[in-house]
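Below is one structure; the comments refer to it alone.
The values are calculated or read from the model by the stated rules, or taken from the named source; none is laboratory data. Keep in mind it's a predicted model, so treat the numbers as computed, not measured. Neighbour counts are summed over all protein chains in view; Cβ atoms, including those assigned to glycine, are modelled from backbone coordinates with ideal geometry.
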Amino acid sequence: MDFVEKFLIDNEIYPTTNGYDYFVEAVRLAESGETKMMNIYKKIAEKHGTSTINVTVAIRRLIMKIKGKEITRYKNNSQVIMTLARYKTLSVK
């Protein structure tokens, strides 16, 4: 199981949760070197045939479901996604 998916499941966010796939893809894109969130949202939206706004909102709602967890101290989607991507990179080494 992937680090990000394990993180989500450990925090009681399951694959049936709206935004789950978007979030996992966003972290993977950030991990691969993409640093601009709008580019990340655009790639995900194009892949799934939706708008960047829908991707952004779905990810934000998913993050908000991780209430009371350490990750909620981050202020926005990009901070959460980039931090997890960096943490995943560091934990693999």
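Observations, loosely collected:
- Which listed residue, of Lys47, Lys43, Lys88, is surrounded by 15 or more Cβ atoms within 10 Å (Cβ to Cβ), at pLDDT 90 or above and not polar (S, T, N, Q): Lys43
- Within the range 3-51, being charged (D, E, K, R), farther than 14 Å from Ile63 by Cα and in contact (Cβ under 8 Å) with a residue 24 or more places away in the chain holds for Arg28, Glu31.
- Counting only residues that are surrounded by 14 or more Cβ atoms within 10 Å (Cβ to Cβ) and of a type in the set (Gly, Ala, Ser), the range 50-68 holds 1 of them.
- Counting the residues of the range 8-39 that are in a helix (DSSP H, G or I), over 17 Å from Ser78 (Cα atoms) and either under 13 Å from the mean Cα position of the chain (by Cα) or of a type in the set (A, V, I, L, M) (or both) gives 1.
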